[in-house]
There are 2 protein chains.
Amino acid sequence: MATTPPLDSYDRQLLALVQDDCRLSQAELGARVHLSAAAVNRRLKRLSDDGVIERFSAQVRPDALGYPLTIVVEVQVENERIDLLDAVTQSFLRCPFVQQCYYVAGECDFVLIFAVRDMDHYTALTRELFYDSHNVKRFKTLVTMGRLKTGMQVPVAES
Amino acid sequence: MATTPPLDSYDRQLLALVQDDCRLSQAELGARVHLSAAAVNRRLKRLSDDGVIERFSAQVRPDALGYPLTIVVEVQVENERIDLLDAVTQSFLRCPFVQQCYYVAGECDFVLIFAVRDMDHYTALTRELFYDSHNVKRFKTLVTMGRLKTGMQVPVAES
DNA sequence: CGTGAAAATGGGATTAA
DNA sequence: TTAATCCCATTTTCACG
């Protein structure tokens, strides 16, 4: 899973298409990039085996499942000792309402993105994840009023 | 596409599975949730017709495509007049390196998440998107050192 | 990489409950 | 009405050229 894949133009075209709709048939993909279905199959298999494609997933609208509120949070920890850092990290990752978690350099240490039912729900989670942890110095809550762009569409320019 | 879908337990189970891997065959899904393949087919169709499932997509590792650096940015605008706000919004959404864009309440106005080649690349984008816009008062850059969780896995608890 | 055949899957119609 | 069974068109996938 290390170094091998120098993606060629076909790979990039396929990735662009498949990022947008991974249900296109391999024949259809082949037609669009001028390749046989078999070739498309082989490339797609290689791309997912190599981990270039992390996974094929259905993207669900969170509000359809009862989580209409997206909240961005900056978290600063008290103590950056590795084991303590690891403990908070794990508690964030375990929480199903933490949709994304980034470890960042600078004054704050984490950026989290929550999908929650409502403010009460979020408040309960802050208690659980921040106050009870005893290693969160401060956190800053940014309530979103619009998820303007959420796709993970990665640009596929030439190398 | 409005109100109809009271998701039952089967729907939620299917969504949980399909969020993680939308290439599971309908037979396989049926086996896991104790439903026939045909029933799975109908439910999945309804869920995507209703917009509960936004789309089926392949998630690509950005660094495989040459964008190893993830950067979170808080942006505060100068003037919140609706047309000016709309102009900056559009410029953010048009930028392919802006992977996510949230409109937030409070002191700052937007949170952006970039996928870029390196710091030079990011610097060039800040010039283009922030300095040249004349409506960005200030922005705060948070350089990430780890994308610890990026999935949009929506929890599927009972209603 | 492309071709073609074999295997698997998708998705509709029909029947049963 | 909803699910299970069957059936055929489509798709995937493999061996070979």
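Read the figures in this text as sums done on the coordinates, not as results from a lab. Note that the structure is a prediction, hence the values are computed from the model and not measured. Glycine gets a Cβ as well: all are built from the backbone with ideal geometry, and neighbour counts include every protein chain shown.
Tabulated data for the structure shown
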| item | result |
| --- | --- |
| Of all residues making up region A:43-89, the number that are more than 21 Å from B:Cys101 (Cα to Cα) and among the aliphatic types (A, V, I, L, M) | 11 |
| Subset tally (residues that are within 7 Å of another protein chain (Cβ to nearest Cβ) and aromatic (Phe, Trp, Tyr)) for region A:95-115 | 3 |
| Sole exception among (1) within 30 Å of A:Val52 (Cα to Cα); (2) more than 15 Å from the chain's Cα centre (by Cα) for B:Ser57, by number | (2) |
| Test: B:Asp118 is within 22 Å of B:Gln59 (Cα to Cα) and more than 12 Å from every other protein chain (Cβ to nearest Cβ) | yes |
| From A:Glu80, A:Glu74, residue being touching a Cys at 6+ places or on another chain (Cβ under 6 Å) and on the phi < 0 side of the Ramachandran plot | A:Glu74 |
| Qualifying residue in region B:21-34 (condition: within 29 Å of B:Val104 (Cβ to Cβ) and either within 16 Å of DNA strand D (Cβ to nearest atom) or buried (at least 19 other Cβ atoms within 10 Å of the Cβ) (or both)) | no |
| Residue match in region B:51-66 (condition: out of contact with any strand residue (DSSP E or B) (no Cβ under 9 Å at 6 or more places or on another chain), at the interface with chain A (Cβ under 8 Å from one of its Cβ atoms) and crowded, with 18+ Cβ neighbours inside 10 Å) | yes |
| Single match in A:Glu80, A:Glu74 (criterion: over 30 Å from A:Pro6 (Cα atoms) and more than 10 Å from chain B (Cβ to nearest Cβ)) | A:Glu80 |
| Among (1) away from chain B (no Cβ under 12 Å); (2) free of Cβ contacts under 8 Å to residues at least 60 places away in the same chain - the single one A:Ser9 does not satisfy | (2) |
| Tally of residues being closer than 30 Å to B:Asp8 by Cα and of a type in the set (D, E, K, R) across region B:49-69 | 4 |
| Subset of region A:8-40 (residues that are touching a strand residue (DSSP E or B) at 6+ places or on another chain (Cβ under 8 Å) and either more than 10 Å from DNA strand C (Cβ to nearest atom) or among the β-branched types (Val, Ile, Thr) (or both)) | A:Leu15, A:Val18, A:Gln19, A:Asp20, A:Asp21, A:Cys22 |
| Region A:102-111: number of residues that are buried (at least 20 other Cβ atoms within 10 Å of the Cβ) and in contact with a helix residue (DSSP H, G or I) (Cβ under 9 Å, 6 or more places away or on another chain) | 2 |
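Listed here are the residues, each with its yes/no results for (1) within 16 Å of DNA strand D (Cβ to nearest atom); (2) over 22 Å from B:Pro62 (Cβ atoms).
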{"residue": "A:Leu17", "(1), (2)": "yes, no"}
{"residue": "A:Arg46", "(1), (2)": "yes, no"}
{"residue": "A:Ile53", "(1), (2)": "yes, no"}
{"residue": "A:Val60", "(1), (2)": "no, no"}
{"residue": "A:Val75", "(1), (2)": "no, yes"}
